[in-house]
Amino acid sequence: MPYTVPVMEVRMAPFLTAAAATARMAGASTEVTPTDTFVPSAPPSDATEKSRVIREMIRKAPGEQARQSVVDALSAYPLKALEIVNAYGTKIEVFDFQNGDTVPEYLPTLAYGNVMGAYNTKANVLGLDVRDANFPLLHEFAHALDAALNEESATPEWKGAHSLAANTNRVVRDYAKQDPSEYLAEVTTAYLVPDDALYGRIEAGLASGAHGMDERDYMRMYQSMSKERLERLDPDGHALVADLLEQRIYEGNLANPQPAMTAEQWIAFTEAQHAKGELALP
Ligand SMILES: [Zn+2]
């Protein structure tokens, strides 16, 4: 799967080079004395680390193939974004409704035939229909990242970009007009799909049933869902998501962890909300 090398790693190289140069100027030896008591092991590769972090978040899946599909799709995110969401406590659940899985109470919208993914912010659980681990997974994971970053989409920058894009019709998909949070999820999804991967992803979506939609509607819905198309269509949104994934995630200011609720915890939570006269809907 294609992914962008996180900027921090790129920045580390000149820093280390400068440190080594300083050490040399100070006359320090750069020789390493070999010993047989300490053999440093090679650091795990970025891809290995991503796979480990993503698998840690998967709480339920019908099988290894489904797990690997989640790893492949989410590896488009920088490692740091994956680590932040994992530390926030988000869990991912993949459902196979054709083979006996039932819709959990905390993800009721998955009951609709055309809904392939959902994220319950209160329960902090991301649910996915096994038939499509493609655009919907990138979209729902962006909601989890948004939550882990203290609702980044609620900042004036994101609200302004959403308002401008929605009112001038410069959105990668109509659904992005909904509100700043959906806007952030949509532009993040587009940003993570390179132009040359778009057709393959649309083909895969069609092959998996096109969310039960008419094929032409499906193609129309996703025709602009790639990084370069986003940049042409909505430069402000592109700049904001570039800042989010290349800068903001390394700056801290994270939300307090909110461990994903179990089914029992969710029921207790909604009953308490009802008792207070508040409706808790995902
Ligand atoms: Zn959404």
What share of the DSSP beta bridges in region 57-256 is antiparallel, in percent to the nearest 5?
-> 35
Evaluate E = 1/(1 + (r/R0)^6) for Ala154 and Thr102, where r is the Cβ-Cβ distance and R0 equals 25 Å; express this FRET efficiency to the nearest 0.05.
-> 0.15
Residues Tyr250, Tyr183, Tyr88, sorted so that the one with the fewest Cβ neighbours within 10 Å comes first = Tyr250, Tyr88, Tyr183
Neighbour-count order for Ile249, Ile58, Ile202, fewest beta carbons within 10 angstrom listed first = Ile58, Ile202, Ile249
By Cβ neighbour count within 10 Å, fewest first, Phe269, Phe135 rank Phe269, Phe135
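No lab work stands behind these numbers, since they all come straight from the coordinates. Not measured: the values here are computed from a predicted model. FYI the Cβ positions are ideal-geometry reconstructions off the backbone, even for glycines, and counts take in every protein chain you see.
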